[in-house]
1. Can you confirm whether the stretch B:79-101 contains a residue that is under 12 Å from the mean Cα position of the chain (by Cα), farther than 26 Å from residue B:9 by Cα and in a loop (DSSP other than H, G, I, E, B)?
2. Checking the structure you have, find out if any residue of the stretch A:162-176 is buried (at least 17 other Cβ atoms within 10 Å of the Cβ), within 30 Å of residue A:9 (Cβ to Cβ) and either touching a residue at least 40 places away in the same chain (Cβ under 8 Å) or more than 16 Å from the chain's Cα centre (by Cα) (or both).
3. Would you tally the residues in the stretch A:11-60 being in a helix (DSSP H, G or I) and either within 11 Å of another protein chain (Cβ to nearest Cβ) or over 19 Å from residue A:294 (Cα atoms) (or both)?
4. Is it the case, given these coordinates, that residue A:54 is in contact with a helix residue (DSSP H, G or I) (Cβ under 9 Å, 6 or more places away or on another chain) and surrounded by fewer than 24 Cβ atoms within 10 Å (Cβ to Cβ)?
5. Would a scan of the stretch A:299-317 turn up a residue that is within 9 Å of chain B (Cβ to nearest Cβ) and farther than 20 Å from residue B:16 by Cβ?
6. Specify which of the listed residues (B:287, B:268) is at the interface with chain A (Cβ under 10 Å from one of its Cβ atoms), surrounded by fewer than 21 Cβ atoms within 10 Å (Cβ to Cβ), touching a strand residue (DSSP E or B) at 6+ places or on another chain (Cβ under 7 Å) and not in a loop (DSSP other than H, G, I, E, B).
7. Checking the structure you have, find out if any residue of the stretch B:293-312 is without any contact (Cβ under 8 Å) to a residue 60 or more places away in the chain and within 18 Å of residue A:295 (Cβ to Cβ).
8. Return yes or no: is residue A:219 surrounded by 19 or more Cβ atoms within 10 Å (Cβ to Cβ), outside any helix (DSSP H, G or I), within 22 Å of the chain's Cα centre (by Cα) and more than 13 Å from chain B (Cβ to nearest Cβ)?
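The values are calculated or read from the model by the stated rules, or taken from the named source; none is laboratory data. Small disclaimer: the values here were computed from a predicted structure and weren't measured. A quick note on method: Cβ atoms are made from the backbone with ideal geometry, for glycine too, and the neighbour counts reach across all protein chains shown.
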C-alpha cells in the first residue's frame with residue numbers, strides 16, 4: 001500500500017530536518033514526520049501539504065502542536081496513501097484530527113484518505129483552513145479562500161487543546177469557530193522559481209511588488225512599484241480592516257509571516273509599521289509573533305494574519321509552551 | 001553622553017522586534033535591546049555589532065544567553081557610547097562579559113567602551129570571536145579570522161555558564177578555550193545589496209556560487225558554477241576537515257546557519273548532505289542546529305560551523321533551555 005515519494009529529494013530534506021530534532025522521526029519512504037513517542041492521552045492532530053512551504057508543516061510537530069506532518073512533492077499535496085499511513089500511525093483509539101489547507105488538490109487527497117480511514121472504523125474529524133482574504137472576483141481564485149499562514153494558529157491552538165486532554169468533538173468545535181476568525185493577506189517583492197524550472201512562475205520586475213499573492217507563486221490582485229514597507233503595511237492593514245470590520249479597542253492576535261527570502265531586518269521594520277498602524281486604529285494586540293512560519297521557497301514576501309480574541313483561552317493556548325521547533 | 005542612532009530605521013526595526021518579545025525592551029534612542037528584568041545572581045553577557053545580521057544579536061537576549069545586545073547601523077558597529085550605556089545598564093557589581101566579533105571597526109568601538117567602563121571601576125572581561133576559516137593569503141582578510149556564525153555558540157555556552165552562577169573569571173576561562181575551538185565556513189548563491197545602494201557589493205552571476213564569503217557581502221576565496229547542494233557540502237566539509245584535523249569517532253557540535261535568503265527546503269537538504277558526509281568521516285555529531293542565526297540581510301548563503309566536544313558540559317550548556325527567541 002505504501003507510496004514511495006517520487007523524488008529522493010523530499011526524503012533527503014526530511015532526513016535533514018529530523019537530524020536536528022531528536023523527538024521526531026521520518027517514516028521511511030514516505031513524506032511523514034511524526035513524534036517518536038505519542039501520548040495516548042492526547043488526541044493526535046496531523047497536517048500536511050506540498051513541500052516548498054517549510055517549516056510548515058513538519059517544523060510544527062511537537063508536544064502541544066502536531067503529532068505528525070505529511071509532505072508531498074514541491075507544491076503538490078501528499079498522496080492519500082501517505083496521509084492514511086500517518087493516520088494509522090498516530091491513531092490511539094480516541095480519533096485523529098486533520099488540518100488541511102483549502103486547495104482543490106489538497107482537499108481531494110485528504111478527503112480520500114479520511115474516507116478510507118473511516119471505512120476502517122477510525123474516528124476522523126477535520127478542518128479546512130481558508131484564511132486568505134486576498135482573493136477577489138478579478139482573479140482565478142474567486143471561488144474560495146486559500147489556506148495560508150493563518151493555518152499555523154490552528155496548529156497551535158488546537159494542538160494545545162489536545163495536549164490538555166480535550167476530546168475530538170471539543171477540538172472540532174474550537175476548530176469551527178477559530179477557522180472562520182482568521183484572516184491573512186500577503187505581498188511579495190519577488191516571484192518564486194520552482195526547483196528544476198528555469199523561470200519564475202509569474203513575472204515581477206525589480207522594484208515592483210505584487211499584492212495578495214498565494215503561496216505557490218500565484219500572482220496577486222495588483223502589481224505596483226514598491227514604495228516603502230510602511231506603505232505596504234498600510235495597504236495590507238486596510239484590506240484586513242475592511243474584512244475584519246474591527247472596532248476601537250478590539251483585541252487581536254497577529255502573526256507576521258516571512259514567506260522565505262525577506263530579510264530579518266525588513267521583517268522587523270514591517271512589524272513595527274504594522275504595530276504603529278494598529279495603535280492608530282486603537283486595536284489591542286494581545287499576541288504577536290513574527291517569523292518564517294509557512295514559506296513559499298525563497299520568495300521575498302511577507303503576510304499579516306489577524307484573528308480577533310473571541311475567547312481568552314485562545315490566548316492561553318497560544319502562549320503555552322511547545323517543543324515544536326518552528327513555533 | 002547618549003548617542004542617537006543616525007537612522008530612525010534601526011530604532012524602528014528594534015521596536016518591531018521588541019513588540020514580539022515582552023521580556024525585552026529597547027533603550028530609547030540607542031541600539032540597545034536588553035532584558036527588562038536582570039537577575040543579580042547572573043554575570044551579564046552582552047554582544048553587539050552592525051545591523052543586517054538579524055536575528056543576531058538581539059534575538060539572543062534572554063535567560064541563559066545575553067543580557068543585552070547593541071545594534072549599529074547596517075554593517076557598522078555600534079558607537080562606543082552605546083556599548084558603554086549597555087554596560088552601565090546591565091552591570092550589577094559582579095562584572096560584565098562582552099562578546100565581540102573580529103572586525104577592525106568592531107574592535108575599535110568595543111575596546112574604547114571597555115576602557116571607559118574600566119575607568120569607572122567596572123570589572124569587564126571580553127572575548128573576540130574569530131571562527132571564520134575561509135580567510136587565506138590571497139584575499140584582503142589575511143591578517144585574521146572574522147567573527148561569524150560560530151559566535152552564537154559563545155552566546156549560548158557562556159550565557160548558560162552565567163545563568164548557573166559562574167563567576168566572570170570562570171566565564172572568561174571557558175571563553176578562551178571555546179573561542180579557539182570553533183570553525184566556520186560559508187558560501188552564497190547571491191551577493192547582497194545594502195539598503196539604499198543600487199547594486200550588490202560584489203558581482204555574482206545567476207548560477208554561480210561564491211565560496212568562503214563574509215557576512216558583509218565580502219566575496220569569497222573562489223567563485224564557480226553551482227553544481228548541487230551535495231557538492232557544496234563536500235567542498236565546505238573538506239575545508240573544515242583540513243582545519244579541524246579530526247580523527248575517526250571524534251565528537252562534534254555542528255551549526256548550519258542560513259545567511260538570510262536560502263530557502264528552508266534547501267537548508268534541510270544541505271543539512272542532510274552535511275550529515276551524510278560526517279557519517280562517512282565517522283564523526284559523531286552530538287549536537288546540531290540548523291537555522292537563521294547570523295544573517296547578511298537577504299543573502300542566499302549558508303555556512304557550517306563545527307566545534308569539537310572538548311567537555312561534556314559544553315553540550316549540557318547548549319542543550320539547556322533558554323527563552324531567547326532566535327536560539
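1. no
2. No - not one qualifying residue is present in the stretch A:162-176.
3. Count: 11.
4. On the way: in contact with a helix residue (DSSP H, G or I) (Cβ under 9 Å, 6 or more places away or on another chain): yes; surrounded by fewer than 24 Cβ atoms within 10 Å (Cβ to Cβ): no.
The answer is no for residue A:54.
5. Going residue by residue through the stretch A:299-317, those that are within 9 Å of chain B (Cβ to nearest Cβ) are A:299-300.
If we keep only those that are farther than 20 Å from residue B:16 by Cβ too, we end up with A:299.
Yes, the stretch A:299-317 contains a residue that is within 9 Å of chain B (Cβ to nearest Cβ) and farther than 20 Å from residue B:16 by Cβ.
6. Numbers: B:268 fails: surrounded by fewer than 21 Cβ atoms within 10 Å (Cβ to Cβ).
Among B:287, B:268, only B:287 is at the interface with chain A (Cβ under 10 Å from one of its Cβ atoms), surrounded by fewer than 21 Cβ atoms within 10 Å (Cβ to Cβ), touching a strand residue (DSSP E or B) at 6+ places or on another chain (Cβ under 7 Å) and not in a loop (DSSP other than H, G, I, E, B).
7. No, the stretch B:293-312 has no match at all.
8. Details: surrounded by 19 or more Cβ atoms within 10 Å (Cβ to Cβ): yes; outside any helix (DSSP H, G or I): yes; within 22 Å of the chain's Cα centre (by Cα): yes; more than 13 Å from chain B (Cβ to nearest Cβ): yes.
Yes, satisfied.
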